[in-house]
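What follows is a short report on a single structure.
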Amino acid sequence: MSQEVAISIKDPVNKSAQDYFNEYKKMKRKLIGLDVAVKDMEKRLENLSSKKIEKKETQEKKKTLWYEKYHWGFTTNDFLIIGGKDSQSNEYIVKNHLEKDDLLFHSTIQGSAHIILKQGQKAEKDDLEDCALFASVFSKAWNLGFASVDVYFVYPDQVSKTAESGESLSQGAFVIRGEKNFFKKIQMKLAIGICDISKLDKTNSKLRVFIGSEKLLMHKGIKMIAEVVPGKDKKGEIGKQIYKKLDKEQQKEITLDEIIQCLPPGTMEFVKVKKK
């Protein structure tokens with residue numbers, strides 16, 4: 001098969017032939033390189049198809065229970081405890097969740113969390129003590145490094161948003177009128193464990209971080225991972241150390257943030273920590 005080629009009449013025939021030969025060698029090198037690249041890509045594709053593609057495990061999104069927006073827990077006899085996390089949620093839970101059969105707990109230090117024991121007027125002494133612990137650890141006494149603090153409870157009809165004449169109330173603050181029922185020197189110790197929430201709340205399942213006294217966790221058959229008291233370590237660092245104590249199955253359902261959210265505000269340190 002013949003093919004026409006262009007030759008410059010200004011150059012000798014030998015020079016034109018040499019130019020075409022050089023161009024041919026250049027194109028041949030490119031074709032060899034392209035062939036190597038194609039074979040390399042085919043090999044990569046073959047290796048990729050022979051490997052099992054590992055799917056990254058993702059945590060299934062949990063159904064959030066209404067009380068999980070607050071500090072929460074369950075007592076010895078399964079009464080629900082909820083507590084405000086700031087002045088806004090303190091205000092909200094008292095106005096919207098404090099009902100006639102409940103009890104309101106608070107530490108003797110102003111500015112602490114309001115803690116509600118749902119159906120608390122039907123509760124027993126152990127339940128009241130469980131709730132008093134919440135009122136102590138989620139109080140400003142923790143930030144101040146106290147070893148213990150006094151806590152009291154009152155009935156819903158003793159709680160008012162109406163200030164005395166000439167006074168005003170800030171967000172989250174309420175007036176307590178009448179006699180207070182005290183628990184003296186509640187120890188500032190908080191135990192942390194992991195539980196199946198369905199054993200406490202039939203409306204949901206999945207694992208949750210459970211907090212309370214060591215005695216309460218033992219009563220409910222919840223293995224204690226750690227116990228903390230006021231100290232000098234940052235909450236985030238303590239949370240990370242607790243998270244590392246979880247087994248692989250627990251880490252699939254429990255996030256570091258869930259642990260941190262359950263800890264008291266401020267700094268702390270370990271009293272006890274489970275060996276992994």
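In segment 207-215 there is no residue that is loosely packed, with under 15 Cβ neighbours inside 10 Å, assigned to a helix (DSSP H, G or I) and in contact (Cβ under 8 Å) with a residue 24 or more places away in the chain. Inside segment 102-154, residues that are among the β-branched types (Val, Ile, Thr) and part of a loop (DSSP other than H, G, I, E, B) make up a count of 2. I'd like to verify a number: residues in segment 261-272 that are closer than 18 Å to Arg208 by Cα and buried (at least 17 other Cβ atoms within 10 Å of the Cβ), how many? Qualifying residue count, segment 261-272: 3. Pairs are defined by a Cβ separation below 7 Å, a sequence spacing of at least 6 or placement on different chains, a first member in segment 234-247 that is closer than 12 Å to Ile192 by Cα, and a second member that is in a helix (DSSP H, G or I); the pairs so defined are Gly239/Leu256; Gly239/Ile259; Gly239/Ile260; Ile242/Ile259; Tyr243/Leu256; Tyr243/Ile259. Checking each residue in segment 220-276 for being in a helix (DSSP H, G or I) and under 18 Å from Asn143 (Cβ atoms) picks out Lys235, Gly236, Glu237, Ile238, Gly239, Ile260, Gln261, Cys262. Scanning segment 107-145 for residues that are surrounded by fewer than 20 Cβ atoms within 10 Å (Cβ to Cβ) and not hydrophobic (A, V, I, L, M, F, W, C) yields a total of 13. Selection of segment 71-106 for residues being among the hydroxyl-bearing types (Ser, Thr, Tyr) and buried (at least 22 other Cβ atoms within 10 Å of the Cβ) yields only Thr75. Of the candidates Lys220, Lys234, Lys184, Lys240, the single residue that is over 20 Å from the mean Cα position of the chain (by Cα) and loosely packed, with under 14 Cβ neighbours inside 10 Å is Lys184. Considering Gly178, Gly193, which residue is farther than 15 Å from Ala113 by Cβ and in the same structural domain as Ile238 (by TED's automatic domain parsing)? Of the residues listed, the single one that is farther than 15 Å from Ala113 by Cβ and in the same structural domain as Ile238 (by TED's automatic domain parsing) is Gly193.
Residues in segment 243-273 that are of a type in the set (Val, Ile, Thr) and either within 12 Å of the chain's Cα centre (by Cα) or closer than 25 Å to Thr64 by Cα (or both): Ile254, Thr255, Ile259, Ile260. Restricting segment 41-85 to residues that are among the small types (Gly, Ala, Ser) and either assigned by TED's automatic domain parsing to the domain that holds Ser205 or modelled with pLDDT of 75 or more (or both), the residue that is nearest to Gly172 (Cα to Cα) is Gly84.
Might you check whether a residue that is modelled with pLDDT under 95, on the phi > 0 side of the Ramachandran plot and either in contact with a strand residue (DSSP E or B) (Cβ under 8 Å, 6 or more places away or on another chain) or not hydrophobic (A, V, I, L, M, F, W, C) (or both) occurs anywhere in segment 107-129? Among the residues of segment 107-129, at least one is modelled with pLDDT under 95, on the phi > 0 side of the Ramachandran plot and either in contact with a strand residue (DSSP E or B) (Cβ under 8 Å, 6 or more places away or on another chain) or not hydrophobic (A, V, I, L, M, F, W, C) (or both), which makes the answer yes. Whether a residue is without any contact (Cβ under 8 Å) to a residue 60 or more places away in the chain, under 25 Å from Cys262 (Cα atoms) and part of a loop (DSSP other than H, G, I, E, B) was assessed, and Glu99 passes this test.
Listed here are the residues, each with its yes/no results for (1) of a type outside the set (Gly, Ala, Ser); (2) farther than 30 Å from Lys232 by Cα; (3) under 24 Å from the mean Cα position of the chain (by Cα).
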position: Gly84; (1), (2), (3): no, no, yes
position: Ile93; (1), (2), (3): yes, yes, yes
position: Lys140; (1), (2), (3): yes, no, yes
position: Pro156; (1), (2), (3): yes, yes, no
position: Lys161; (1), (2), (3): yes, yes, no
position: Glu164; (1), (2), (3): yes, yes, no
position: Gln171; (1), (2), (3): yes, no, no
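The values are calculated or read from the model by the stated rules, or taken from the named source; none is laboratory data. Note that the coordinates shown come from a computational prediction; the quantities given were computed from them, not determined experimentally. Cβ coordinates were reconstructed from backbone atoms using ideal geometry, including for glycine residues, and neighbour counts include every protein chain displayed.
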